[in-house]
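Peer 1: Could you have a look at this structure, given as structure tokens, before my questions?
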Amino acid sequence: MNIKTVLNYSPNFDPIKRSSNKIKYIIFHYTGMQKESEAINRLTDIKSKVSSHYLIKNNGEIITLVPDLYVAWHAGVSFWKNSKSLNKDSIGIEISNPGHDYGYKKFSKQQVSSILKLTKLLLKKYKIKPQNILGHSDIAPSRKKDPGEKFPWKYFSKKKIGLWHNLDKKILTKNRDLKINDLEIDLFYRNLFKIGYSKKFGKSSNQNKTQYMKNITKTFQRRFRQKLVSGIVDRECLIISKNLAKRYN
């Protein structure tokens, strides 16, 4: 690599190497643990059966846990568009942050800088499309909230990491909390499925359809409408979903 990383290899990976053209996605996570040292220990503990390819510490230091061409265990049960079990197709990047259960906080400037450098390198190396830069909650909305609404998706999109809508802020604010009818709510969900969110619920998520739809709504809001994560579909959400459905296809 052209950037400096610290090696701290995890034993948790598939032993068979994959070819570089299998890598289609980058998945961002937060560690969701109270202490950074606990997160590192867990990701390198054979008993935990979890890992990622990289961990970005609070001070911006990047740890390599699993080499890119080996499948790390970070995504779990996951779906996006026609893909499932995304471990095999992705590179996982964990970012040190206590998460929603332990005092969720802004990501540090050093972390943001390191995410930018590392991701740009990976995008170029593996020819990954901007629409294939995802959060853990995008691919597992029934189970996960990370990297959450404080992750700077809009900033990264300006650096060609991930996609964002190109809508006027004033127009969106005017439409926030405005109710929409059932047909428009159905259109919102159809837009989410076009973007890539999975239609799968029930056995795969252990939830009924109503619960699942609320979860993917919150997931969408954590990523694309970060000021208000309510789980309620309003006109602002509908407008954003229309715009993104075009940009993701």
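Peer 1: Test LEU187 against the criterion of being part of a helix (DSSP H, G or I), among the aliphatic types (A, V, I, L, M) and either touching a His at 6+ places or on another chain (Cβ under 8 Å) or under 15 Å from PHE220 (Cα atoms) (or both), and give yes or no.
Peer 2: Answer is yes for this residue.
Peer 1: Same structure, new question: Restricting to segment 62-91, and then to whatever is touching a residue at least 40 places away in the same chain (Cβ under 8 Å) and among the hydroxyl-bearing types (Ser, Thr, Tyr), can you tell me which residue is farthest from PHE193 (Cα to Cα)?
Peer 2: Among residues in segment 62-91 that are touching a residue at least 40 places away in the same chain (Cβ under 8 Å) and among the hydroxyl-bearing types (Ser, Thr, Tyr), the one farthest from PHE193 (Cα to Cα) is THR64.
Peer 1: Could you please find all residues in segment 115-142 being under 21 Å from LEU192 (Cα atoms), touching a residue at least 60 places away in the same chain (Cβ under 8 Å) and not in a loop (DSSP other than H, G, I, E, B)?
Peer 2: Answer for segment 115-142, where residues must be under 21 Å from LEU192 (Cα atoms), touching a residue at least 60 places away in the same chain (Cβ under 8 Å) and not in a loop (DSSP other than H, G, I, E, B): GLN131, ASN132, ILE133, LEU134, GLY135, HIS136, SER137, ASP138, ILE139.
Peer 1: Name the residues in segment 199-244 that are more than 24 Å from THR173 (Cα to Cα), of a type in the set (Ser, Thr, Tyr) and either out of contact with any helix residue (DSSP H, G or I) (no Cβ under 8 Å at 6 or more places or on another chain) or at pLDDT 95 or above (or both), would you?
Peer 2: SER204, THR210, TYR212
Peer 1: Quick one: is GLY103 on the phi > 0 side of the Ramachandran plot, surrounded by 19 or more Cβ atoms within 10 Å (Cβ to Cβ) and outside any helix (DSSP H, G or I)?
Peer 2: In short, no.
Peer 1: Taking LYS174 as meeting all but one of (1) over 30 Å from GLN111 (Cα atoms); (2) outside any helix (DSSP H, G or I), write down the number of the exception.
Peer 2: (2)
Peer 1: So if I check each of ASN208, ASN175, which one is at negative phi, surrounded by fewer than 20 Cβ atoms within 10 Å (Cβ to Cβ) and free of Cβ contacts under 8 Å to residues at least 24 places away in the same chain?
Peer 2: ASN208
Peer 1: Here's a follow-up. Report whether or not LEU192 is outside the structural domain of TYR30 (by TED's automatic domain parsing), in contact with a Phe, Trp or Tyr (Cβ under 8 Å, 6 or more places away or on another chain), touching a residue at least 40 places away in the same chain (Cβ under 8 Å) and buried (at least 21 other Cβ atoms within 10 Å of the Cβ).
Peer 2: On the way: outside the structural domain of TYR30 (by TED's automatic domain parsing): yes; in contact with a Phe, Trp or Tyr (Cβ under 8 Å, 6 or more places away or on another chain): yes; touching a residue at least 40 places away in the same chain (Cβ under 8 Å): yes; buried (at least 21 other Cβ atoms within 10 Å of the Cβ): yes.
Taking the combined requirement at face value, the residue satisfies it.
Peer 1: A follow-up question, please. All but one of (1) in a loop (DSSP other than H, G, I, E, B); (2) loosely packed, with under 15 Cβ neighbours inside 10 Å; (3) out of contact with any Asp or Glu (no Cβ under 9 Å at 6 or more places or on another chain) hold for TYR155; state the number of the condition that does not hold.
Peer 2: (1)
Peer 1: Go through the residues of segment 145-155 one by one and say whether even a single one is free of Cβ contacts under 8 Å to residues at least 40 places away in the same chain, closer than 19 Å to ILE26 by Cβ and touching a strand residue (DSSP E or B) at 6+ places or on another chain (Cβ under 9 Å).
Peer 2: No, every residue in segment 145-155 fails to be free of Cβ contacts under 8 Å to residues at least 40 places away in the same chain, closer than 19 Å to ILE26 by Cβ and touching a strand residue (DSSP E or B) at 6+ places or on another chain (Cβ under 9 Å).
Peer 1: Please verify whether ASP146 is part of a loop (DSSP other than H, G, I, E, B), under 12 Å from the mean Cα position of the chain (by Cα) and in the same structural domain as LEU43 (by TED's automatic domain parsing), treating the condition exactly as stated.
Peer 2: Here the answer is yes, as ASP146 does meet what is asked.
Peer 1: Here is a follow-up. Search segment 62-86 for residues being in contact with a Gly (Cβ under 8 Å, 6 or more places away or on another chain) and not in a loop (DSSP other than H, G, I, E, B), and hand back the single one that is surrounded by the most Cβ atoms within 10 Å (Cβ to Cβ).
Peer 2: The selected residue is ALA72.
Peer 1: Of the residues in segment 37-61, how many are surrounded by fewer than 16 Cβ atoms within 10 Å (Cβ to Cβ), free of Cβ contacts under 8 Å to residues at least 40 places away in the same chain, assigned to a loop (DSSP other than H, G, I, E, B) and not aliphatic (A, V, I, L, M)?
Peer 2: Of the residues in segment 37-61, 4 are surrounded by fewer than 16 Cβ atoms within 10 Å (Cβ to Cβ), free of Cβ contacts under 8 Å to residues at least 40 places away in the same chain, assigned to a loop (DSSP other than H, G, I, E, B) and not aliphatic (A, V, I, L, M).
The values are calculated or read from the model by the stated rules, or taken from the named source; none is laboratory data. Note that the structure is a prediction, hence the values are computed from the model and not measured. Note that each Cβ is placed from the backbone with ideal geometry, even for glycine, and that neighbours are counted across all protein chains shown.
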